[in-house]
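Trainee: This structure is in structure tokens; I'll ask about it shortly.
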Amino acid sequence: MKAKSGLFKNFVSLNESEVYRILKDRIESNEDIVQILEDLQSALFEIGNLFEKEKYFVPDLMFAGEIMKNSNKQLEPFMSKSKLKNKGMIIIGTVFGDVHDIGKNLVVMLLESAGFTVTDLGVDVSPSRFVEEIKKNDAKLLGLSSLLTMSFDAIGNTVREIEKQGLRNKIKIMVGGAPVTELVREKTGCDFYCKDAYEGIQLAMKVYDL
């Protein structure tokens, strides 16, 4: 079994300053950017595992997302020289009638950190706006966020509009948010219920066969 790198171990421990120090050293050593990024992403998934085991909590996930975001900024100037591969495109937004975005923003940050390209439509997104974006790109996954029970109807309306436009077979739909349940997913016609940000990454990996 391959030994875990210092970068991996310090990231999993959320040792921010040490992550940046090691990252800087590895970049200056002209190490393969792909390998560095793989270590960061592996650590992010391990943090997700710890979250699933309730050893880490939402603030830890948010902190990890910030560390990953800052690390990516350091790597960006060198990424065009590497063979980095985009894992896939995802559309996400908070449904019509709901202006909450904290949970959605965390999902976006973690998906981007994991290597996905995310089109974030923001909050209070109409069904027609979701449809418009699905028509424009090759995304295989749509994420709907809802933090209000009163916006559950908007989830169903969005799914129905996608069906009406003949796009339902083109895209899988995941839904999440504090009041959302598996029953809400079933009643609104979505494909997946996403109970937290980490599960959003797992579902994205599944949809894109990664």
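The values are calculated or read from the model by the stated rules, or taken from the named source; none is laboratory data. Here the structure is a predicted model, which is why all the values come from computation and not from measurement. We place every Cβ from the backbone using ideal geometry, glycine too, and count neighbours over all the protein chains shown.
Trainee: VAL207 - would you say it is in contact with a Ser or Thr (Cβ under 9 Å, 6 or more places away or on another chain) and buried (at least 16 other Cβ atoms within 10 Å of the Cβ)?
Mentor: For VAL207, the condition - in contact with a Ser or Thr (Cβ under 9 Å, 6 or more places away or on another chain) and buried (at least 16 other Cβ atoms within 10 Å of the Cβ) - is not met.
Trainee: In addition: Scan the range 14-28 and give yes if some residue there is touching an Asp or Glu at 6+ places or on another chain (Cβ under 8 Å) and within 22 Å of GLY103 (Cα to Cα), otherwise no.
Mentor: yes
Trainee: Can you name the number of the only condition in (1) surrounded by fewer than 17 Cβ atoms within 10 Å (Cβ to Cβ); (2) of a type in the set (Val, Ile, Thr); (3) closer than 20 Å to MET62 by Cβ that THR117 fails?
Mentor: Of (1) surrounded by fewer than 17 Cβ atoms within 10 Å (Cβ to Cβ); (2) of a type in the set (Val, Ile, Thr); (3) closer than 20 Å to MET62 by Cβ, only one is false for THR117: (3).
Trainee: Now for a different question. Out of all the residues in the range 8-34, which are over 20 Å from the mean Cα position of the chain (by Cα), surrounded by 13 or more Cβ atoms within 10 Å (Cβ to Cβ) and assigned to a helix (DSSP H, G or I)?
Mentor: Result: LYS9, ASN10, GLU16, GLU18, VAL19, TYR20, ARG21, ILE22, LEU23, ARG26, ILE27, ILE33.
Trainee: What about ILE47, is it closer than 28 Å to GLY156 by Cα and among the hydrophobic types (A, V, I, L, M, F, W, C)?
Mentor: no
Trainee: Where residues in the range 136-168 are out of contact with any strand residue (DSSP E or B) (no Cβ under 7 Å at 6 or more places or on another chain) and modelled with pLDDT under 95, which of them is nearest to GLU112 (Cα to Cα)?
Mentor: Among those residues, the one meeting the criterion is LYS136.
Trainee: Continuing with the same structure: What pairs can you find where one residue is in the range 186-205 and basic (Lys, Arg) and at pLDDT 85 or above, the other is assigned to a loop (DSSP other than H, G, I, E, B) and buried (at least 16 other Cβ atoms within 10 Å of the Cβ), and their Cβ atoms are less than 9 Å apart, with a gap of 6+ or different chains?
Mentor: Matching pairs, first to second residue: LYS195/VAL180.
Trainee: In the range 103-142, what residues are under 20 Å from PHE192 (Cα atoms), small (Gly, Ala, Ser) and not in a loop (DSSP other than H, G, I, E, B)?
Mentor: GLY103
Trainee: Now, a different point. Of everything in the range 124-151 that's buried (at least 16 other Cβ atoms within 10 Å of the Cβ) and acidic (Asp, Glu), which residue is nearest to the chain's Cα centre (by Cα)?
Mentor: GLU133
Trainee: Residues to consider are SER151, SER128; find the one that is in contact with a helix residue (DSSP H, G or I) (Cβ under 9 Å, 6 or more places away or on another chain) and of a type in the set (S, T, N, Q).
Mentor: It is SER128.
Trainee: For the range 35-84: of the residues being of a type in the set (Phe, Trp, Tyr) and out of contact with any Phe, Trp or Tyr (no Cβ under 6 Å at 6 or more places or on another chain), which is surrounded by the fewest Cβ atoms within 10 Å (Cβ to Cβ)?
Mentor: Here the answer is PHE57.
Trainee: Moving to a separate point now. Taking the stated definitions as given, is LYS55 touching a residue at least 12 places away in the same chain (Cβ under 8 Å) and either in a helix (DSSP H, G or I) or not assigned by TED's automatic domain parsing to the domain that holds VAL107 (or both)?
Mentor: No: the conditions fail for LYS55.
Trainee: Yes or no: VAL99 out of contact with any Cys (no Cβ under 8 Å at 6 or more places or on another chain), at pLDDT 85 or above and assigned to a loop (DSSP other than H, G, I, E, B)?
Mentor: yes
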